[in-house]
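Right, one structure below, let's go through it.
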Amino acid sequence: MQLVVARIGRAHGIKGEVTVEVRTDEPELRLGPGAVLTTDPAGAGPLTIETGRVHSGRLLLRFEGVSDRSGAEALRNTLLIAEIDPEELPEGEDEYYDHQLMDLDVVTADGTEVGRITEISHLPSQDLFIVERPDGSEVMIPFVEEIVTEIDLEEQRAVINPPPGLIDDRAEIASSREDASGEEES
């Protein structure tokens, strides 16, 4: 199975290094020296990582056969793809690969059907499940422990405990405009 692990950014310096946007929780495993990665577009690869280092919080890679800035710039926006065993699991106990979560049924703790995960969006602050509701609409559910309480791969479901308003329109709204008698001030 193929897994996108990074996207190549701009060239860095004049010796063929590039910045990369890491798209894996295991960069040391997937993006280490000697790793051979396929690419999208396919014509740019395969690429073999020669060196890697962190500079100012960004991962910089150099590939075999790319020794100057113009060669590095030609790789910009190329996706790096690793071949992984579909049975391989992430190292952490509560970690999952996207392919394991796709198409899981999403239900509340009381068994109410919410929908099915159709996409996982990786944002800087958190990941989101994009869930297709039975009526065809979509809802975004933050993949955080307080909301997603259980992932059951055997039963192919994700159990959620949504706060009011996340999956329905019944948000609890507290108004500071009400006085003690419950009447609105004018």
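For the reader, a short list of remarks on this structure follows.
- Considering residues of the stretch 134-186 that are part of a loop (DSSP other than H, G, I, E, B) and touching a Gly at 6+ places or on another chain (Cβ under 8 Å) only, the residue modelled with the highest pLDDT: PRO134
- Verdict on VAL131 being part of a strand (DSSP E or B), open to solvent by less than 40 Å² (accessible area, probe 1.4 Å), over 28 Å from ARG7 (Cβ atoms) and of a type in the set (Val, Ile, Thr): no
- Selection of first residues in the stretch 21-40 that are within 13 Å of LEU80 (Cβ to Cβ) and of second residues that are in a loop (DSSP other than H, G, I, E, B) and among the polar types (S, T, N, Q), restricted to Cβ pairs under 9 Å at least 6 apart or on distinct chains, gives the following pairs, ordered by first then second residue: ARG30/THR24; LEU31/THR24; THR39/THR78; ASP40/THR78.
- Of the residues ALA74, ALA82, the single one that is under 30 Å from ILE117 (Cα atoms) and of a type in the set (Gly, Ala, Ser) is ALA82.
- Yes/no for VAL5 being within 28 Å of ILE120 (Cα to Cα), open to solvent by 70 Å² or more (accessible area, probe 1.4 Å) and among the hydrophobic types (A, V, I, L, M, F, W, C): no
- Residues located in the stretch 52-69, provided they are exposed (fewer than 14 other Cβ atoms within 10 Å of the Cβ) and β-branched (Val, Ile, Thr): VAL54
- The residues in the stretch 12-49 that are more than 15 Å from SER67 (Cα to Cα), open to solvent by less than 20 Å² (accessible area, probe 1.4 Å), modelled with pLDDT of 90 or more and not polar (S, T, N, Q) can be counted, and the count is 2.
- Selected residue (criterion: surrounded by the fewest Cβ atoms within 10 Å (Cβ to Cβ)) from residues of the stretch 83-96 that are farther than 12 Å from ASP25 by Cα and at pLDDT 75 or above: GLU83
- Members of the stretch 105-127 that are open to solvent by less than 90 Å² (accessible area, probe 1.4 Å) and within 13 Å of ILE160 (Cα to Cα): ASP105, VAL106, VAL107, THR108, ALA109, GLY111, THR112, VAL114, GLY115, ARG116, ILE117
- Residue within the stretch 97-104 that is in contact with a Gly (Cβ under 9 Å, 6 or more places away or on another chain), loosely packed, with under 15 Cβ neighbours inside 10 Å and part of a loop (DSSP other than H, G, I, E, B) present: no
The values are calculated or read from the model by the stated rules, or taken from the named source; none is laboratory data. Computed from a prediction, not measured in an experiment: that's the story for all the values here. Cβ atoms come from the backbone with ideal geometry, glycine included; neighbour counts cover every protein chain shown. The area values use the complete protein model at the heavy-atom level, side chains included, leaving out ligands, DNA and RNA. Shrake-Rupley method; radii C 1.70, N 1.55, O 1.52, S 1.80 Å.
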